[in-house]
1. Quick one: length gained pulling residue 236 to residue 213 fully straight, 0.36 nm per residue minus the C-alpha distance?
2. Modelled label-to-label distance, residue 176 and residue 255, 7 Å Cα→beta-carbon offset: nm?
3. Using the Cα gyration tensor of the range 14-78, with a ≥ b ≥ c the square roots of its eigenvalues, what is the shape: rounded (a/c below 1.5), prolate (a/b larger than b/c) or oblate (neither)?
4. Let me make sure I get this right: for the range 108-178, a, b and c are the square roots of the gyration tensor eigenvalues over alpha carbons, sorted descending. Under 1.5 in a/c it's rounded, otherwise prolate if a/b > b/c, else oblate. Which is it?
5. Calculate the FRET efficiency for residue 187 and residue 167 from the Cβ-Cβ distance with a Förster distance of 25 Å, rounded to the nearest 0.05.
6. Using a ≥ b ≥ c from the Cα gyration tensor of the range 187-277 (square roots of the eigenvalues), is it rounded, prolate or oblate, where a/c under 1.5 gives rounded and otherwise the larger of a/b and b/c decides, a/b for prolate?
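Here, each number is a calculation from the coordinates, and none is a lab measurement. For clarity, every value in this text was computed on a predicted model and none was experimentally measured. Please note: Cβ atoms are built from the backbone with ideal geometry, for glycine as well, and neighbour counts cover all protein chains shown.
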């Protein structure tokens, strides 16, 4: 089967688990709706607004073996109206119980379940629910970048009916407390050439280069060279030339006329460029009092 059909295949496997039937049976009943397994437009047909739950119910439930509750769960999966399943479930190794947990509405989750899914890259509905429950009061305690669950749960309960403290003691250590959507020590890296561009996994979308394997000292040397206009950086040809030199090491950048002298001056004055920024990670534009600009 082509890779273009992989999304619908995964959905069918998960839906089969939810419905308590085989994937072949799901495909057979989808076929009765006109959604054929080997058709290149199978996913488009399944997701179309014209493919309605009522029509499917007639096939899966009224004329088929699937019970209503299981059908409703499976139909949401087929329509792509649920969050992504775990790899085990997607591979057909998960249980109905794991699917039920996966499909549990965030409003029905416990505070501990929400925290297990919460993070800077977590689902927005998880953050929204936690923010609502805590009345946007500071409740999250971190040890490094890891949430201290017991302390955080205590503060979440406290936030239900009163203000929470800006700091909270865990053992012998006092920690700052964070509102939902705020995270400690979040840094982003700037492109050495295009400082206004934040690197995504080391990649700069403007110069179209991956800086992840170029060490920080070399990146700093590149920024010095660009800032003093010792090199041009106005087009992709120029930026590619700079990157090729940087990929070999800082020495190649420092050999460019005047760069070594300027680099040494900045180093002596402790004013070398810093290519990392601490983010004030907050919700709705709210200021972070612990934000430190570079």
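1. Contour length minus Cα-Cα distance gives 6.3 nm.
2. 4.5 nm
3. prolate
4. Oblate shape, in that a/c is at least 1.5 and b/c is the bigger or equal ratio.
5. The formula returns an efficiency of 0.65 here.
6. Cα axes put the range 187-277 in the oblate bin.
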